[in-house]
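> Structure below; questions to follow.
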Amino acid sequence: MKHFIKIRDISIKDLKKIILDAKKRKSRRKKINTLDTDKGEPLKGKLLIQMFEKSSLRTRISFYIAIKQLNCEALTLRPDELHLSRGGESLADTAKIISTFGSAFMLRTDSDKKLEEFKKHMTIPIINGLSPSSHPTQVLSDIFTIEEIKKKSISKLKICWIGDANNNVINSLIEASVKFSFKLNIGCPKKYQPNKNLLNWAKKNNGKIKIFNECINSAKYSDVVFTDKVISMNDKVNKEKKLKEFKNFKVTTEVMNHAKKDAIFLHCLPRGPEVSDEVFLGKKSKVWQQALNRIYVQKSILLYCFEKLR
Ligand code: CP
Ligand code: NVA
């Protein structure tokens, strides 16, 4: 049994195995329907219990489809219907009950501590479906998408991130840049630089990260330009003020023109004003393919958790 909580805790061998498995599974599903099951039904009879303490469209649907394709079931709990959220039951007891009935637990939460507490008390795999500090299923899937489009190992590519550099998605991307050994340029306002502890960890582990406090130089010669919402779900900030602080950190056609000619644009979604419509809806944007790929990678993440990856 394995958990999937942070990219930095998973070996590169396993991360690559997940991506390879997803690639094989995707290639075998070209002509079949969304809910048809994968050959071999590797997780037949299992139950994934999921709980979202924060909004979700893509993660919710892609986990549901992933589960169906593996021929198991998904049950989504509403936090406001549990005794836990009203203080009527402890987290430890809730975790034990979920472990008794379910085969795996996927949690989207507003508290990293809660994720750790669940992990401590669970006897089934737990998957982080987004927390304030990381979004590992998204970023692993994004690596899959990049390698699928670029047809090369990500270690040979230069990735650029523009925008808030202190949120869950960039944290996981920083961890991934160390694990997969790719160059990562970050363009962000000084006030929103990456978390210092994470950067120190990256430096100690030979991370290839460069930080710029503007967009153009960070985008130069890159193969992929990423951004994310300026205001994340967990942000407890003055939104108007933060949006103003990011007015020069928008992915526009001019920014994309400084990246390589064949550069692509990615965004985990939902989007805000951090990208122009022209880029988001333009030819270089691969955001729909990026969203769809969540299904394939999540299937392989589930198989990793059950130690069923071939
Ligand atoms: N990208 C992503 O995680 O989307 P949702 O918040 O809609 O799940
Ligand atoms: N950083 C964003 C990601 C949304 C999928 C947030 O946490 O809201």
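> Residue by residue through the range 110-145, note down the ones that are acidic (Asp, Glu) and within 15 Å of ligand 1 (Cβ to nearest atom).
Answer for the range 110-145, where residues must be acidic (Asp, Glu) and within 15 Å of ligand 1 (Cβ to nearest atom): Asp110, Asp142.
> Then there's this: Name the pairs whose Cβ atoms lie under 8 Å apart, with the first residue in the range 273-301 and touching a residue at least 60 places away in the same chain (Cβ under 8 Å), the second aromatic (Phe, Trp, Tyr), and 6 or more positions between them or separate chains?
Glu274/Phe246; Glu274/Phe249; Lys286/Phe265; Asn293/Phe144; Tyr296/Phe144; Val297/Phe144; Gln298/Phe63; Ile301/Phe4
> Separate question: I'd like to verify a number: residues in the range 84-130 that are among the hydroxyl-bearing types (Ser, Thr, Tyr) and touching a strand residue (DSSP E or B) at 6+ places or on another chain (Cβ under 9 Å), how many?
Of the residues in the range 84-130, 3 are among the hydroxyl-bearing types (Ser, Thr, Tyr) and touching a strand residue (DSSP E or B) at 6+ places or on another chain (Cβ under 9 Å).
> Which pairs turn up if I take residues in the range 66-84 that are farther than 15 Å from Lys54 by Cα and look for partners that are hydrophobic (A, V, I, L, M, F, W, C) and part of a helix (DSSP H, G or I) with beta carbon separation below 6 Å, at least 6 apart in sequence or on another chain?
As it stands, the answer is Ala66/Ile295; Ala74/Ile67, since those pairs meet every condition given.
> Looking only at residues that are within 14 Å of ligand 2 (Cβ to nearest atom) and open to solvent by less than 20 Å² (accessible area, probe 1.4 Å) in the range 270-297, which one is nearest to Lys24 (Cα to Cα)?
Of everything passing the filter in the range 270-297, Arg294 is nearest to Lys24 (Cα to Cα).
> Condition test on Lys210, is it under 17 Å from Trp161 (Cβ atoms), among the charged types (D, E, K, R) and surrounded by fewer than 16 Cβ atoms within 10 Å (Cβ to Cβ)?
yes
> Further question: Report those strands (runs of 3 or more DSSP E) wholly inside the range 53-140 carrying at least 1 residues which are surrounded by fewer than 23 Cβ atoms within 10 Å (Cβ to Cβ).
Where strands (runs of 3 or more DSSP E) fall fully within the range 53-140 and carry at least 1 residues being surrounded by fewer than 23 Cβ atoms within 10 Å (Cβ to Cβ), they are 73-77.
> Given the condition of a type outside the set (Val, Ile, Thr), away from ligand 2 (no atom under 16 Å from the Cβ) and out of contact with any strand residue (DSSP E or B) (no Cβ under 6 Å at 6 or more places or on another chain), answer yes or no: does some residue in the range 47-65 qualify?
no
> Now a separate question. Could you tell me whether the range 262-269 includes any residue that is within 30 Å of Arg60 (Cα to Cα) and surrounded by fewer than 20 Cβ atoms within 10 Å (Cβ to Cβ)?
Taking every residue of the range 262-269 in turn, at least one turns out to be within 30 Å of Arg60 (Cα to Cα) and surrounded by fewer than 20 Cβ atoms within 10 Å (Cβ to Cβ).
The values are calculated or read from the model by the stated rules, or taken from the named source; none is laboratory data. Keep in mind the model is a prediction, meaning the values are calculated, not measured. A quick note on method: Cβ atoms are made from the backbone with ideal geometry, for glycine too, and the neighbour counts reach across all protein chains shown. SASA here: full protein model, heavy atoms, side chains in, ligands and nucleic acids out. Shrake-Rupley method; radii C 1.70, N 1.55, O 1.52, S 1.80 Å.
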